[in-house]
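Novice: Please read through the structure below; I'll follow up with questions.
The values are calculated or read from the model by the stated rules, or taken from the named source; none is laboratory data. Remember, predicted model here, so these are calculated numbers, not experimental data. Methodologically, a virtual Cβ is constructed for each residue, glycine included, from the backbone with ideal geometry; neighbour enumeration extends over all protein chains shown.
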Amino acid sequence: MLQRYLLRETLSLYLLGVLLFVGLITFDLLSSLSGAFLRAKTPVGEIAQMVAYRVPYTLGIALPLGLVFALLVALARWIRQSELKATYASGVPPKVFIGPVVGLALGVGAVVLVNEGWIKPIAQERFEALQYKIYYGSEPSGVLTERTYTPQGLGVYYAQRIYPPPQGGVGSRLEGIRVVEPGGSVWSAEQGVWVNGAWRLEKAYRVDPNGIIYQEAEHPLPFPVGVAPKAVSYEAMRMEELQAAAQADPAAHFPLARRYANAAGTVVLAWLAVVIGLSLRESAWAFIAVVGLIFGYWTLFTFSAQLARFDLLGAFAAWLPNLVYGGLALWGTWRLAR
């Protein structure tokens, strides 16, 4: 009964919390891009498009944080009106409220995962294309430069330029190719084509570990099936595309892990929020708890990206905020259960 009461009150505040964070993040976006809008004399319609394309990204942040806000505000009212004290006095242990909240957070986390994996990438690709047009006055060419791939067990693949497939054509054109096989042989070619499952080098030269040079008119080199060049960021790749890219590009491991970590973070944040809310004795501390939780999580979130950038902890860095907050939530739950 009391658990349902807490969930109803949380859900009644949840929309307000989500809208609050959507507004803050959108205002920050418009502020950061205002100079580019003024310089390019961007029409209002395109600005509205950019805001709309950014909504899934914004929701990826607002959905978890809105839940933290709703939980702590609801519990602050309970504290202010002595409802929480009366609940404890009647013999209801605080730990009984944690399970339902975690269940609610699991549902929100599932929505966040779907958004992270499929909805946000579609919108992000359109956002990046429109942003490029505003900054440079033209559509993106789709040409990739200086790309290196290291598919497991296949060596190192490098192309100076990768061109998108021609309209109605199959395969991407490659220029300035160098491939180092696991055994030490080095392949090079001025041109080639990337078709599904292979790099086909044209007029290829091979230098074996003994320094002997071989030449072939065309030579295919194996590459993971399903991996395709795409002139967008990892954030603009759908889940299956990013999973395929991670087979050949170690740089994709962290963005892939972060998508799962963001969804799990919804549960961890809500868990710690309810534990803190149930531990408070003064309602004024609820606001401080909201700010502290969000600021701390964002600090760890940013720090984990820097760890990945300098190749420290690898993809495991994406889970750092959840590990820290999960540990705090576990400790707080143990204290409440004593």
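Novice: Quick one: is residue 161 in contact with a Leu (Cβ under 8 Å, 6 or more places away or on another chain), surrounded by fewer than 17 Cβ atoms within 10 Å (Cβ to Cβ) and assigned to a strand (DSSP E or B)? Can you show your working first?
Specialist: On the way: in contact with a Leu (Cβ under 8 Å, 6 or more places away or on another chain): yes; surrounded by fewer than 17 Cβ atoms within 10 Å (Cβ to Cβ): yes; assigned to a strand (DSSP E or B): yes.
Considered against the rule, which asks whether it is in contact with a Leu (Cβ under 8 Å, 6 or more places away or on another chain), surrounded by fewer than 17 Cβ atoms within 10 Å (Cβ to Cβ) and assigned to a strand (DSSP E or B), residue 161 comes out as yes.
Novice: Working carefully through the options 82, 12, 90, find the one that is under 20 Å from residue 111 (Cβ atoms) and over 26 Å from the mean Cα position of the chain (by Cα). It would help to see each step written out before you state the result.
Specialist: Details: 82 fails: under 20 Å from residue 111 (Cβ atoms); 90 fails: under 20 Å from residue 111 (Cβ atoms).
Matching residue, one of 82, 12, 90: 12.
Novice: Output the qualifying pairs, or none if there are none: Cβ atoms under 7 angstrom, residues six or more apart or on different chains, first residue in segment 216-245 and exposed (fewer than 14 other Cβ atoms within 10 Å of the Cβ), second residue modelled with pLDDT of 95 or more and acidic (Asp, Glu).
Specialist: Hits for this filter: 218/202; 233/128.
Listed here are the residues, each with its yes/no results for (1) assigned by TED's automatic domain parsing to the domain that holds residue 258; (2) among the charged types (D, E, K, R); (3) within 20 Å of residue 330 (Cα to Cα).
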site	(1), (2), (3)
39	yes, yes, no
51	yes, no, no
65	yes, no, yes
114	yes, no, no
117	yes, no, no
121	yes, no, no
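Novice: For segment 24-36, give me each residue that is of a type outside the set (D, E, K, R) and more than 14 Å from residue 127 (Cα to Cα). Before the answer, list the steps.
Specialist: Step one: filter segment 24-36 for residues of a type outside the set (D, E, K, R), giving 24-27, 29-36.
Hits for segment 24-36 are 24, 25, 27, 31, 32, 34, 35, 36.
Novice: Could you tell me which numbered condition residue 105 fails, if it satisfies all but one of (1) more than 19 Å from the chain's Cα centre (by Cα); (2) modelled with pLDDT of 95 or more; (3) within 20 Å of residue 290 (Cα to Cα); (4) of a type outside the set (Phe, Trp, Tyr)?
Specialist: Result: residue 105 passes all but (1).
Novice: Pairs needed: first member in segment 281-303, over 16 Å from residue 261 (Cα atoms); second member anywhere, surrounded by fewer than 17 Cβ atoms within 10 Å (Cβ to Cβ); C-beta distance under 6 Å; at least 6 residues apart or different chains.
Specialist: As it stands, the answer is 283/80, since those pairs meet every condition given.
Novice: If you don't mind, another one. Can you tell me which residue is farthest from the chain's Cα centre (by Cα) among those in segment 201-215 that are in a strand (DSSP E or B), surrounded by fewer than 18 Cβ atoms within 10 Å (Cβ to Cβ) and charged (D, E, K, R)?
Specialist: Per the criteria, the residue is 203.
Novice: Now for a separate question. What number of residues within segment 279-338 satisfy the criterion of being exposed (fewer than 13 other Cβ atoms within 10 Å of the Cβ) and hydroxyl-bearing (Ser, Thr, Tyr)?
Specialist: Going through segment 279-338 one residue at a time, the tally reaches 2.
Novice: Of the conditions (1) touching a helix residue (DSSP H, G or I) at 6+ places or on another chain (Cβ under 8 Å); (2) modelled with pLDDT under 95; (3) closer than 28 Å to residue 81 by Cβ; (4) not hydrophobic (A, V, I, L, M, F, W, C), residue 338 clears all except one; give me its number.
Specialist: That leaves (1) as the condition not met.
Novice: Please find, among 226, 155, 192, 197, the residue that is at pLDDT below 95 and either closer than 30 Å to residue 313 by Cβ or more than 31 Å from the chain's Cα centre (by Cα) (or both). Explain how you work it out, then say what you get.
Specialist: Details: 155 fails: at pLDDT below 95; 192 fails: at pLDDT below 95; 197 fails: either closer than 30 Å to residue 313 by Cβ or more than 31 Å from the chain's Cα centre (by Cα) (or both).
On inspection, the qualifying residue turns out to be 226.
Novice: Here is a further query. Being under 30 Å from residue 113 (Cβ atoms) and in contact with a His (Cβ under 7 Å, 6 or more places away or on another chain) narrows it down to one of 252, 246, so name that one.
Specialist: Details: 252 fails: in contact with a His (Cβ under 7 Å, 6 or more places away or on another chain).
Residue meeting the stated conditions: 246.
Novice: Taking segment 166-194, which residues are in a loop (DSSP other than H, G, I, E, B), surrounded by 14 or more Cβ atoms within 10 Å (Cβ to Cβ) and either touching a Gly at 6+ places or on another chain (Cβ under 6 Å) or among the polar types (S, T, N, Q) (or both)?
Specialist: Filtering segment 166-194 down to residues in a loop (DSSP other than H, G, I, E, B) leaves 166-171, 181-185.
Filter again for surrounded by 14 or more Cβ atoms within 10 Å (Cβ to Cβ), leaving 171, 181, 185.
Listed by number, the residues that qualify are 181, 185.
Novice: Would you please list the contacts, defined by Cβ atoms under 8 Å and residues six or more apart or on different chains, that run from a residue in segment 316-335 that is not assigned by TED's automatic domain parsing to the domain that holds residue 268 to a residue that is surrounded by fewer than 16 Cβ atoms within 10 Å (Cβ to Cβ) and aromatic (Phe, Trp, Tyr)?
Specialist: Pairs that qualify, where the first residue is not assigned by TED's automatic domain parsing to the domain that holds residue 268 and the partner is surrounded by fewer than 16 Cβ atoms within 10 Å (Cβ to Cβ) and aromatic (Phe, Trp, Tyr): there are none.
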